[in-house]
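Just so it is clear, none of the values below were taken in a lab; they were calculated from the coordinates. The structure presented is a predicted model; accordingly, all values stated were derived computationally and were not measured. No Cβ is skipped: glycine too gets one built from the backbone with ideal geometry, and neighbour counts run over all protein chains shown.
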Number of protein chains: 2
Amino acid sequence: MDAEQLAECFKAMGDRTRIQILALLKVEDLCVCELVEILGISQPSVSQHIRKLKNAKLVKERRQGKWIFYSLDGSLYPYIHAVLDTFPDLREKIEELKTNGQKVVCD
Amino acid sequence: MDAEQLAECFKAMGDRTRIQILALLKVEDLCVCELVEILGISQPSVSQHIRKLKNAKLVKERRQGKWIFYSLDGSLYPYIHAVLDTFPDLREKIEELKTNGQKVVCD
DNA sequence: AAGACATATAGACATATGCTTATATAACTA
DNA sequence: TAGTTATATAAGCATATGTCTATATGTCTT
């Protein structure tokens, strides 16, 4: 992999908010509106962070009804799971979301 | 490790020039003046990149006479070697340096 | 078909980044 | 000690980044 492409991957991970997004997706797949609630930033801001993570092939998407669920894409970087292991555990944030009845449920 | 600290590490790796520096240090320890030759950018620019890598604890230094040699510091990030394995092999760049008689030799 | 909801894109703005030149600091050498 | 070489820091500038509000697009529901 060339230096430019590697840099793009690390640049994508080089932001506090995107680290949190990856740490959250480590727990479970989430959609933008859920990330907005948890992170406390605007919806467009979340969308743009997601776009960078997608461009870097760190995240992939799956549409389900009117929601788009995002999940980790480990296919491109063999070390990605070792890296994610060192990320903070944000399980609790997602629990709060469920407690507050803000978790998206689709069937 | 918290999101802020993780982001600093990845931000440090999120630049083409610093990727190259790390890839070069993977081959052998180098000083600033050697990196200037190989990378073809100004000495202050190299020094500033090195500073970021040092702040992120990705690189450590060792003074030898009037030179300061920089080397990889793998102590903080357990996955760092797996990551560095995917970096380009720049051994040839260092060979060129030696061929041109620009390698620093101290005894 | 019309309205509601989820997500994406555009534009604006403040801050961060990477580069340069000029200068300061540190260590060796004659 | 004076000069030379290596590295670091400062200041300035152009570009990139992250955020917001406003608006567009896409999907479902009634």
GNM flexibility winner over chain A from A:59, A:46, A:36 (Cα, springs under 10 Å): A:36
Assign unit charges at the C-beta atoms only (+1 for Lys and Arg, -1 for Asp and Glu), then state the dipole size of chain B relative to its Cα centre in Debye, rounded to the nearest 20. 280
Tell me, what is the FRET efficiency for residue A:16 and residue B:103 to the nearest 0.05, using R0 = 30 angstrom and their Cβ-Cβ distance as r? 0.15
Given C-alpha coordinates of the protein assembly as shown, what is the ratio Rg to Rh with the Kirkwood estimate of Rh? 1.07
Bin all alpha-carbon pair distances of chain A at 5 Å intervals from 0 and give each bin's fraction as a whole percent. 2, 12, 24, 26, 19, 11, 5, 2, 1, 0
Taking H placed 1.01 Å from N in the peptide plane, check which residues at least 5 places from residue A:31 or on another chain put their amide H under 5 Å from its amide H. A:70
Dipole magnitude of the stretch A:27-81 about its Cα centre (Cβ charges: Lys, Arg +1; Asp, Glu -1), debye to nearest 20: 300
Between residue A:41 and residue B:96, how many nm apart are label points set 7 Å from Cα along the C-beta direction? 3.9
Looking at A:102, A:33, A:87, which one has the Cα that reaches farthest to the positive end of the dipole of chain A (charges on Cβ: Lys, Arg +1; Asp, Glu -1)? A:33
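Given charges of +1 on the Cβ of Lys and Arg and -1 on the Cβ of Asp and Glu, with all other atoms neutral, how large is the dipole of the protein assembly as shown about its Cα centre, in debye to the nearest 20?
Using only the charged Cβ atoms, the result is roughly 380 debye.
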Among the trypsin sites (Lys or Arg not before Pro) within the stretch B:60-96, which fall in a DSSP loop and have no more than 12 other Cβ atoms within 10 Å of their own Cβ? B:66
Given the rule -39500 (n - 2.57) for each run of at least 4 DSSP H residues, summed and divided by the residues of chain B, what is its mean residue ellipticity at 222 nm, to the nearest 500 deg cm²/dmol? -15500 deg cm²/dmol
Relative contact order (percent) for the stretch B:3-99, with alpha-carbon contacts under 8 angstrom and 6 or more residues of separation? 34
